[in-house]
Every structure is written in structure tokens, then in C-alpha cells.
1. Output the number of the condition that Gly98 fails; it satisfies all remaining conditions of (1) over 23 Å from Gly202 (Cα atoms); (2) at pLDDT 90 or above.
2. Within segment 100-129, work out how many residues are without any contact (Cβ under 8 Å) to a residue 60 or more places away in the chain and either surrounded by fewer than 16 Cβ atoms within 10 Å (Cβ to Cβ) or of a type in the set (Phe, Trp, Tyr) (or both).
3. Kindly list, by first and then second residue, each pair from a residue in segment 172-189 that is within 13 Å of His153 (Cβ to Cβ) to a residue that is in a loop (DSSP other than H, G, I, E, B), limited to pairs with Cβ atoms under 8 Å and residues at least 6 apart or on different chains.
4. How many residues does segment 41-95 contain that are charged (D, E, K, R), within 22 Å of Pro130 (Cα to Cα) and buried (at least 16 other Cβ atoms within 10 Å of the Cβ)?
5. Test of understanding: among Ala174, Ala147, Ala165, which residue is in contact with a helix residue (DSSP H, G or I) (Cβ under 9 Å, 6 or more places away or on another chain), assigned to a strand (DSSP E or B) and of a type in the set (Gly, Ala, Ser)?
Amino acid sequence: MCKSSSYNMMTLVRYNRFVSHKLDDSRPRSPQRLLDRSYEGTVFELFSVQQPLEIEIGSGRGRFLLHRAARHPDRNFLGIDYRWRFLREGVERAERHGITNLLFYKAEAEEVVSHLVPLDSIEVFHIYFPDPWHKRRHHKRRLLTPAFFKRLHERLKTGGRLELATDNFDYFIAFRRALVEAGDTLWSNTTEQRNQRIMDPGVQTHFEAKYARWGRDLYYLELVK
């Protein structure tokens with residue numbers, strides 16, 4: 001992909017197929033761009049209107065962000081996921097409802113956070129129900145490592161928040177251990193709750209609603225920088 005000063009392509013997912021278009025920022029679309037290490041811009045430059053930014057890592061079908069973006073037109077929202085079939089649904093719903101402050105980006109979260117998100121810039125990171133990788137030999141694949149917690153902390157504004165949720169108690173304990181290893185004193189405030197969302201309690205993600213119907217315990221953690 002070209003530098004931020006000369007974007008020339010965008011990739012939209014529509015009708016279960018890939019369609020490439022010339023980029024036209026005047027069109028009220030919700031693009032998700034393919035991450036390319038040659039891209040030298042930031043996530044903020046993906047938006048035509050500059051506003052405070054919230055990022056959901058593992059946004060899936062975009063259910064949570066669609067509701068939140070509609071409620072908060074004075075903020076921008078970015079959903080990051082690597083699964084085309086889910087991103088397509090989020091893009092189509094955003095277009096159908098005319099939500100222009102929400103974009104979806106197809107990429108690995110670690111790559112975006114490390115290379116495209118400036119330090120001290122993000123209002124909120126949302127990470128809900130990441131894959132717990134149950135088997136011990138797969139634990140190294142888990143997203144929420146001490147190193148990743150540090151990267152997220154560095155990129156939040158002062159007073160910014162990291163919102164986490166899981167239905168897996170063992171993974172919740174792993175969250176807390178990783179935080180201690182990363183330096184839990186970095187955070188000015190920490191809140192834990194069970195079966196009660198801390199932020200925006202009236203909105204649920206796809207998995208959150210499903211697990212609640214199944215009667216699973218849900219574990220929430222909010223960290224404030």
C-alpha cells in the first residue's frame with residue numbers, strides 16, 4: 001500500500017466476494033484496509049474526520065461497535081479482525097445504517113497496534129472474548145501477553161481505558177497474571193466485575209449475548225491509564 005499521502009486502493013468485502021475500488025474519500029463507505037508494512041500512516045489517517053478514537057480488537061461481526069458508533073457520532077471507531085467473513089457483515093451493516101464514523105481493518109491486531117497506532121493517542125481499547133487457546137501447548141498463541149499489555153498502555157491517552165471480557169475463568173486469571181508481570185502499577189485504576197458489563201452495559205457483543213443466554217459466567221476487567 002502507498003504512503004498515507006497517496007492512498008490509491010481500498011478493499012471492500014461485499015456479497016461474499018472481494019471487490020477492489022479506487023479510493024474516494026467522499027464516499028460514505030466503511031473500508032477495511034489490508035495492512036502493509038510499507039504503509040507509513042496512522043490509524044487516524046484512515047478517517048476523513050478527525051475525532052477521538054476507540055479500537056476494538058477482534059471486532060468480529062461488529063455488533064458492539066455498530067451500536068456504539070451510532071450512539072457516539074462525535075467519536076471514531078475502528079474494528080480490527082483477520083476474518084473476512086465477519087468483517088464483511090460489519091461493513092455491510094455500517095453501510096446499510098449510514099454509519100460513517102466506523103471503519104473495519106483486516107489485519108493482525110499486534111501488527112496494527114505496534115506499527116500504526118501512535119503513543120498516547122487512543123481513548124479506549126476494547127477486547128472482548130479473545131480466543132483462550134485452552135490447551136497448554138497453545139497458550140503461547142494468546143493475545144494478552146505482558147508485552148501486549150505494555151503496548152496497549154503506551155498507546156492509550158492519560159485517562160484512557162482498556163476494556164476486557166472473557167467467559168473463561170482460567171484465561172481471566174491469566175489476564176491478571178500478565179498484568180502483574182507487565183507492571184500493574186502502570187494503571188491508575190482497575191475494576192473487576194462478574195456478569196455485569198462495566199462500559200456501555202446496554203450493548204453486548206455477539207459472543208457476549210450468546211454466552212449470557214447459555215448461562216455462562218462472564219468476567220469483565222477495566223483498566224484506566
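1. Gly98 satisfies every listed condition except (1).
2. Residues in segment 100-129 being without any contact (Cβ under 8 Å) to a residue 60 or more places away in the chain and either surrounded by fewer than 16 Cβ atoms within 10 Å (Cβ to Cβ) or of a type in the set (Phe, Trp, Tyr) (or both): 4 in total.
3. Ala178/Leu144; Ala178/Thr145; Leu179/Trp187; Leu186/Lys225; Trp187/Lys225; Ser188/Lys225
4. 8
5. Numbers: Ala174 fails: assigned to a strand (DSSP E or B); Ala147 fails: assigned to a strand (DSSP E or B).
After ruling out the rest, the residue left standing is Ala165.
The values are calculated or read from the model by the stated rules, or taken from the named source; none is laboratory data. As the structure is a computational prediction, the values presented were derived from the model and not from experiment. A quick note on method: Cβ atoms are made from the backbone with ideal geometry, for glycine too, and the neighbour counts reach across all protein chains shown.
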